[in-house]
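One structure is given below, represented as structure tokens, and several questions about it will come after.
The values are calculated or read from the model by the stated rules, or taken from the named source; none is laboratory data. Quick caveat: nothing in here was measured; it's all calculated off a predicted structure. Here the Cβ positions follow ideal geometry from the backbone for every residue, glycine too, while neighbour counts run over all protein chains shown. Remember, those area values only see protein heavy atoms, side chains included, never the ligands or the DNA or RNA. Shrake-Rupley method; radii C 1.70, N 1.55, O 1.52, S 1.80 Å.
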Amino acid sequence: MARVALVTGGTRGIGAAISQALKNAGYAVAANYCGNDEAAKAFHDKTGIPVYKFDVGDAQLCETSIRKIESDIGPIDILVNNAGITRDGMFHRMTFEQWSAVLRTNLDSMFTCTRPVIEGMRERGFGRIVIISSINGQKGQMGQANYSAAKAGAIGFAKALAQENAAKGITVNVIAPGYIGTEMVQAVPEEVLKTKILPLIPVGRLGEAEEIARSVLYLAADEAGFITGSTLAVNGGQYMA
Ligand code: NDP
């Protein structure tokens, strides 16, 4: 039986590449999304991967949706907590709405999506939890106090959860991507990208979503059982923690 993987925010950008790579590697994959039905349909039509619409910030909805995925496909062995948003602005102008939207989607989701799967993983003695944080959670980023806080919080969460579950065959690891050429980064003005971001990346280019997907595959493997509580930087050399 194929292992079952759930990828939150798995229909676009990095998440779509992760879903596809897991499917190609033989996993049974479910991809979550939140609002963009058109993109989710296009993704489903192209990949055949089932898609599940729910807001990762809504604890009740996550619980019922994850139960539905498990009854459709099977108990979740691999959880990729990938869904994330930005609402950038300098902190002295930031609204509480900007702050809480980012904390809700990027950090509350660590609870809402992991809590419904952790007991089953513990009972079965196997689990792989991979969290997509960010370089900006490691180093901080001007204009992203909300996002940096949430992404750093996810790293702390992973380390605690890794300790709690290490003896149960469950690993919890973080990938901290640098700048990847998805819609999230395409929203950055071209001029800012050229003059402010690319010169900071020693490899000299944006990363590709597939490069993050490959890192997820590595951490999700049955053979990766001795790697837990770690943060893997995939950032073209931009920041070496
Ligand atoms: P995209 O904006 O391209 O895709 C985001 C995905 O997350 C979509 O599938 C979207 O669904 C889903 N999503 C957003 N909000 C929710 C929600 N509340 N509930 C469920 N699903 C949701 O993002 P990226 O691929 O660029 O980013 C993926 C992850 O990687 C994020 O956590 C991001 O912070 C992180 N990251 C990205 C970097 C980059 O350079 N792109 C760099 C470092 C980290 P829908 O289509 O319905 O909107």
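Please give every one of the lysines within straight-line cross-link reach of residue 41, meaning a C-alpha to C-alpha distance under 21 Å, and leave out same-chain neighbours fewer than 8 residues apart.
The reachable lysines, counting only those whose Cα sits under 21 Å from residue 41, are 23, 53, 68.
At 7 Å along the Cα-to-beta-carbon direction for both residue 93 and residue 187, put a label point, then send me their distance in nm to one decimal.
Between residue 93 and residue 187, the simple spin-label model gives 1.6 nm.
Report, in whole Å, the centroid distance computed from the Cα atoms of region 87-152 and region 178-241.
With region 87-152 and region 178-241 each reduced to a Cα centre, they are spaced 17 Å.
If you roll a 1.4 angstrom probe over the protein chains with everything in place, what fraction of the accessible area of region 4-231 belongs to carbon and sulfur, to the nearest %?
About 55 percent, which is the carbon plus sulfur part of the accessible surface.
Around residue 151, with a cut-off of 15 angstrom between Cβ atoms, what is the net charge of the other residues, counting Lys and Arg +1 and Asp and Glu -1?
On the way: positive: 87, 104, 139, 159; negative: 88, 108.
Residues near residue 151 contribute +2 overall.
Follow-up question, since we're still on this one. Leaving out ligands and nucleic acids, note down the accessible area per residue over the chain with a 1.4 angstrom probe, in whole Å². Please report the intermediate quantities before stating the final value.
Working: 11380 Å² over 241 residues.
On a per-residue basis, the chain sits at 47 Å².
Right, another one. Determine, from the Cβ-Cβ distance of residue 197 and residue 159 and an R0 of 30 Å, the FRET efficiency 1/(1 + (r/R0)^6), rounded to the nearest 0.05.
Values: r = 28 Å, r/R0 = 0.95.
Efficiency computed from Cβ-Cβ geometry: 0.60.
May I ask you to list the trypsin sites (Lys or Arg not before Pro) in region 145-232 that are in a DSSP loop and have at most 11 other Cβ atoms within 10 Å of their Cβ? Can you show the working numbers first?
Working: sites: 151, 159, 168, 194, 196, 205, 214; in loops: 205.
Of the trypsin sites (Lys or Arg not before Pro), the ones in loops of region 145-232 whose Cβ has at most 11 other Cβ atoms within 10 Å are 205.
Counting other Cβ atoms within 10 Å of each Cβ, which chymotrypsin sites (Phe, Trp or Tyr not before Pro) in region 210-241 have at most 10 and sit in a DSSP loop?
In loop regions of region 210-241 (DSSP not H, G, I, E or B), the sparsely surrounded chymotrypsin sites (Phe, Trp or Tyr not before Pro) are 226.
While we're looking at this one, here's another question. Per residue, how much space in cubic angstrom lies within the convex hull of the C-alpha atoms of region 134-241?
Numbers: hull volume 10.9 nm³, N = 108.
Here the figure is 101 Å³ per residue.
Pairwise over distinct Cα atoms, reciprocal of the mean inverse distance: report the Kirkwood radius of region 4-231 in Å, one decimal place.
Computed over region 4-231, the radius equals 17.7 Å.
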